[in-house]
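Shown next, in structure tokens, is the structure this report addresses.
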Amino acid sequence: MTGLTADERLAPSSIARRVLGRPEVGAVVGAAAVFVFFSIVADPFLQTSSLGTVLYASSTLGIMAVPVALLMIGGEFDLSAGVMVTSSALISSIFSFQMTANVWGGVGVSLLVTLALGAFNGIMLVRTKLPSFIITLGTFLMLAGLNLGLTKLISGTVSTKSIGDMEGFPAARDVFASHWTIGSVDLQVTILWWLGLVAVATWVLLRTRIGNWIFAVGGNAAAARAVGVPVARTKVGLYMAVAFCAWVSGQHLLFSFDVVQSGEGVGNELQYIIAAVIGGCLMTGGYGSAIGAAVGALIFGMTDKGIVYAQWNPDWFKFFLGAMLLLAALLNAWVRRRAEAT
């Protein structure tokens, strides 16, 4: 009918506009730049044998960066994620050794305890209304102390006893720490875990009601609650997702070396957050993607190994990491403004 204007919400958008609206677009551009840079300055970087090393470094970080990204989209942080990885490994090892049971018993107990730790973080957050920074910082300090204190009390040293000769160890190693070779590329099973978690997280965010809840809670929790979104359950579930991935990472740590150092994991939580931010997640919540976090982890892995292949002083790694974080934050803010403007 003439004289009536079409609803602008129904107007088709261009492919370029839709691409620019994606949270991970900045990370993809950054990953391409990092790849080209190290391809020029480090000849070994392009060797096929280096591919497996870069992917392994990326996957061990990416397994945790994905759930941390979902948590950040939901508007929260978890500073205990790094030491929780070590806690899950210690529980599996100590329980298996002390109870002289099949290692799968320790793996199962570790899963239950680690999920309980995630639930504890979430419940404390929603019940006390304290910032997640305070809640998870407290959990971080408690777990760091428990990891060291209980390990020394039970084992007499700062590391666990070897469980490599126990029943079930080879099968558990196949699940959490196996590897295979394709040509000259050595690939670790953590790459499969990483890609699987990215696929599941992306499906949850984009194709399920829970994904809508996560974005709504991170955007405006009060408004989400007003329209019936289960804010408390969503946040508790996100913390338990972080705990589950910490369990996966912890089992990989244990079954790769069959012993665990109780002081490991401190500081890793910042790397997970950095990977998520590089991947497009905003510190304010409500925006980001699992794919972006995976790309952020890939950038991290390429930088980590690229510096080694270039034979530079590894002290430069933190400089590059800080520079990438600032550039990613600026680029993400620009992309978001462009997306909102269109």
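The values are calculated or read from the model by the stated rules, or taken from the named source; none is laboratory data. All figures in this text were calculated on a predicted structure; none of them were measured in a lab. Here Cβ is always computed from backbone atoms with ideal geometry, including for glycine, and neighbour counts include all displayed protein chains. The area values use the complete protein model at the heavy-atom level, side chains included, leaving out ligands, DNA and RNA. Shrake-Rupley method; radii C 1.70, N 1.55, O 1.52, S 1.80 Å.
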With each pseudo-label sitting 7 Å past Cα toward Cβ, what's the Leu326-Met283 distance in nm, one decimal? 1.4 nm
Keeping the other protein chains in place, figure out the carbon and sulfur percent of the accessible area of the chain, with a 1.4 Å probe. 68 percent
Which of rounded, prolate, oblate describes the range 112-176, given a ≥ b ≥ c as roots of the alpha-carbon gyration tensor eigenvalues and a/c under 1.5 marking rounded, otherwise prolate only if a/b is larger than b/c? oblate
For every helix of n ≥ 4 consecutive DSSP H residues, a contribution of -39,500 (n - 2.57) applies; sum these over the chain, divide by its total residues, and give [θ] at 222 nm rounded to the nearest 500 deg cm²/dmol. -24000 deg cm²/dmol
What is the spin-label model distance, in nm, from Leu112 to Asp186 if the labels are put 7 Å beyond Cα along the C-beta direction? 3.7 nm
Label-to-label distance, nm, for residues given as Thr100 and Leu146 (7 Å Cα→Cβ offset): 2.7 nm
Going by a ≥ b ≥ c, the root eigenvalues of the Cα gyration tensor, does the range 76-226 fall in the rounded group (a/c under 1.5), the prolate group (a/b larger than b/c) or the oblate group? oblate
Whichever aspartates and glutamates have a C-alpha closer than 13 Å to that of Lys235, once near sequence neighbours (fewer than 8 apart) are set aside: Glu76, Asp78
Relative contact order (%) - criterion: Cα under 8 Å, at least six apart; region: the range 175-322: 20 percent
At 37 °C and 0.692 mPa s, grab the translational diffusion coefficient of the chain from Stokes-Einstein with a Kirkwood Rh over Cα pairs, rounded to a whole number in µm² per second. 155 µm²/s
Rank these by accessible area, largest first, 1.4 Å probe: Arg209, Arg22. Arg209, Arg22
Which FRET efficiency value, to the nearest 0.05, is calculated for Leu46 and Leu153 with the Förster distance at 45 angstrom and r the Cβ-Cβ distance? 0.35
Rounded to whole Å², per residue accessible area for the chain with a 1.4 Å probe reads 48 Å²
Among Asp258, Asp78, Asp315, which one shows the highest mean-square fluctuation when the chain is modelled as a Gaussian network with alpha-carbon springs under 10 Å? Asp315
